[in-house]
Every structure is written in C-alpha cells, then in structure tokens.
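K.L.:
Mind looking over this structure? Questions follow.
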Amino acid sequence: MNHNSSNLIWIRGAGEIGSAVAISLYNSGFNLVLSEISPPLAIRRSVTFSDAILEGSTDVKGIQAKRIDVSEIDKLQIQSFIPIAQDNPELLRRLNPSIIIDARMIKSYQMDYREWANLVIGYGPGFSTDSNSHVVVETMRGHNLAKLIYNGEPLKNTGVPGKLGGESKNRVIYSKHSGDLEWICSFGDIVEKDQILGHINDTFHIIAPFKGMVRGLIHPSVPLTPGLKIADVDPRDEGIDFHELSDKARSLGRASLEAVLIHLKNQT
C-alpha cells in the first residue's frame, strides 16, 4: 500500500475494537495510523496491537504493527505494516487525516471532533451525531450490534459486561489495590475456580472467579489502581480460541469499513 496522508485514516485506540477496525481496513487496502496511550490498558492483548507501544512491534492475525514517531509517518512510502504512535492529538492532526475513527471506548468525550476530519466515526456511548461525530457505531451486544447511526446516539452504557457462557460481570476481574502486578498464568490457560492468577505487590492474590480460559491479561508493566480492569476469564474454556477476534470485535471492525465505503461513494 502506498502511503498518502491525503487519504490517511487515523484510528484512535489500539485495543480489541480499534485493532479489529485496523485489520478490516488494512486488509481492504487503506492507509492507516493507529494511536494509543502509554501504557495501554487493553486486556485482550493476544488480539490487539496496543502492546507495540511498549514493545516496539506486535503481530495480530499475520499483520504487524510497529511503533513509529509521528514525524516519520509522512515518510513511509510503502505501508507493509500498521504504524502506531502515542496518542497525541495535536501532533496527529498535523497529518491531516481525511477520516478519524475513535475506538477508545472511554464513554465520555468533552470535545466536538467533527471539524477534525471529513468523516469522524465514534464507537459506543458518549458519541452522538448531534455533538461530536458524523457516524456512531452501536457497540451493545444484541440485535443492533454494529449498526451505523447517522442521526442520534447509541444505547447508554450499562456498566455490565456482555454475557458469555452464562457469565457476565463475574468474568471480568478488576484490581482491588494499587501497585505492581505479576501474572503467574498465560493467555489460553485453563484455570480452576479460586486458582491464583497473579499477585499485586507480592501480597494480594488475583483469583479466578470460576473455571475457564484466561482470555485477557493487562500488560504487567501497567501500574494498577483500584477499579482498573485487569483480566478476563471465559467460562467457555476449550470452546474458544484466544488468538481469534471475538464475534463482537469482527462485527464492529467491519462496521467502520462499511461506513468508510459509504462515505467514499458519496464523495464521487
């Protein structure tokens, strides 16, 4: 893919949803730049590009992302990987992206982004076509998952994770303490109820809520704070592949591809 900043798509957030968006658009031939905070807070790191911020590069589904300074992006002639930069809006806006996709999923946004690009796509609660984006993508599981909203806003955030294998809020583990983290399990491990998954400050145990497969683990270099989402255990255990994007992520990733193609068709 030839790099051309005039048709650059900037994807904010390299967690599971942002990475799924990047995979759909990259495989379809679009020029991209991903951005992510440092340290990143993604937990499904086997299917996200966010680790490249810390480690320099990472690979998802055979696609490589490499950390790059924003000043170097315009110099790329052939985009054989997805460049990822630290999320600095002031610098990244200087690239004049034609499309911005905000997949940070932080649920509250204080700015109107519609003047930042020709097309601004926002994912989930906090986005509205009345105040900060041109298109909103519904992120709630159900009949309208991945629906493109051109007038209005998505469903409100419930604060409860979607149900998988009969489990909802219990499958997501949150830190109860501040401090340093050490995992003693890995992605794909089948763990038993009450098994120790890791430690905080070598003192507090992180416990599996039930039998299942470890699907999410926050990067161990992230300083913990109480309430931070740090792990995900899937009760379907051997019934899933932790290397694969979830059905939800695939649907949401392709929603941006649809929105981009509709936008480009309307420009001709």
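K.L.:
Can you list residue pairs whose Cβ atoms sit under 6 Å apart, with the first residue in segment 186-207 being among the polar types (S, T, N, Q) and the second being assigned to a loop (DSSP other than H, G, I, E, B) and at pLDDT 95 or above? Count only pairs 6 or more apart in sequence or on different chains.
P.N.:
These pairs meet every condition: GLN195/ALA208; ASN201/ASP180.
K.L.:
Residue check, SER131 against (1) closer than 23 Å to ALA42 by Cα; (2) out of contact with any Gly (no Cβ under 7 Å at 6 or more places or on another chain); (3) of a type in the set (Gly, Ala, Ser), all met but one. Which one?
P.N.:
(1)
K.L.:
Given the structure, is VAL137 in contact with a strand residue (DSSP E or B) (Cβ under 9 Å, 6 or more places away or on another chain), within 30 Å of SER186 (Cβ to Cβ) and crowded, with 20+ Cβ neighbours inside 10 Å?
P.N.:
So VAL137 fails the test.
K.L.:
Look through LEU245, LEU217 and report the one residue that is under 30 Å from ILE101 (Cβ atoms), crowded, with 18+ Cβ neighbours inside 10 Å and touching a helix residue (DSSP H, G or I) at 6+ places or on another chain (Cβ under 6 Å).
P.N.:
None of the others qualify; the one that does is LEU245.
K.L.:
May I pose another question? Taking segment 81-117, which residues are among the acidic types (Asp, Glu) and within 17 Å of the chain's Cα centre (by Cα)?
P.N.:
Selection gives ASP87, ASP102.
K.L.:
Using the structure shown, decide if GLY126 is under 17 Å from the mean Cα position of the chain (by Cα) and either not in a strand (DSSP E or B) or not hydrophobic (A, V, I, L, M, F, W, C) (or both).
P.N.:
Yes, satisfied.
K.L.:
Kindly establish whether ILE17 is under 10 Å from the mean Cα position of the chain (by Cα) and either crowded, with 24+ Cβ neighbours inside 10 Å or without any contact (Cβ under 8 Å) to a residue 40 or more places away in the chain (or both).
P.N.:
So ILE17 fits the description; yes.
K.L.:
Given the options GLU90, GLU55, GLU115, GLU72, name the one that is under 27 Å from ASP241 (Cβ atoms) and acidic (Asp, Glu).
P.N.:
Sole residue among the options that is under 27 Å from ASP241 (Cβ atoms) and acidic (Asp, Glu): GLU55.
K.L.:
If you don't mind, there's one more thing I want to ask. Suppose the filter is of a type in the set (D, E, K, R) and at pLDDT 95 or above; does ASP59 pass it?
P.N.:
Taking the combined requirement at face value, the residue satisfies it.
K.L.:
I would also like to ask the following. Of (1) surrounded by fewer than 17 Cβ atoms within 10 Å (Cβ to Cβ); (2) touching a residue at least 12 places away in the same chain (Cβ under 8 Å); (3) out of contact with any Ser or Thr (no Cβ under 8 Å at 6 or more places or on another chain); (4) not charged (D, E, K, R), PRO223 satisfies all except one. Which?
P.N.:
Against the list (1) surrounded by fewer than 17 Cβ atoms within 10 Å (Cβ to Cβ); (2) touching a residue at least 12 places away in the same chain (Cβ under 8 Å); (3) out of contact with any Ser or Thr (no Cβ under 8 Å at 6 or more places or on another chain); (4) not charged (D, E, K, R), PRO223 comes up short only on (3).
K.L.:
Could you grab me the full set of residues in segment 237-251 that are under 22 Å from TYR123 (Cβ atoms) and hydrophobic (A, V, I, L, M, F, W, C)? Give the derivation first.
P.N.:
If we filter segment 237-251 for residues that are under 22 Å from TYR123 (Cβ atoms), which is where we start, we get 244-251.
LEU245, ALA249 - these are the residues of segment 237-251 that are under 22 Å from TYR123 (Cβ atoms) and hydrophobic (A, V, I, L, M, F, W, C).
K.L.:
Being of a type outside the set (Phe, Trp, Tyr), out of contact with any Lys or Arg (no Cβ under 9 Å at 6 or more places or on another chain) and under 17 Å from ARG12 (Cα atoms) narrows it down to one residue among ILE73, ILE53; which is it?
P.N.:
Going through ILE73, ILE53 in turn, just one is of a type outside the set (Phe, Trp, Tyr), out of contact with any Lys or Arg (no Cβ under 9 Å at 6 or more places or on another chain) and under 17 Å from ARG12 (Cα atoms): ILE73.
The values are calculated or read from the model by the stated rules, or taken from the named source; none is laboratory data. Computed from a prediction, not measured in an experiment: that's the story for all the values here. Backbone-built Cβ (ideal geometry, glycine too); neighbour counts: all protein chains shown.
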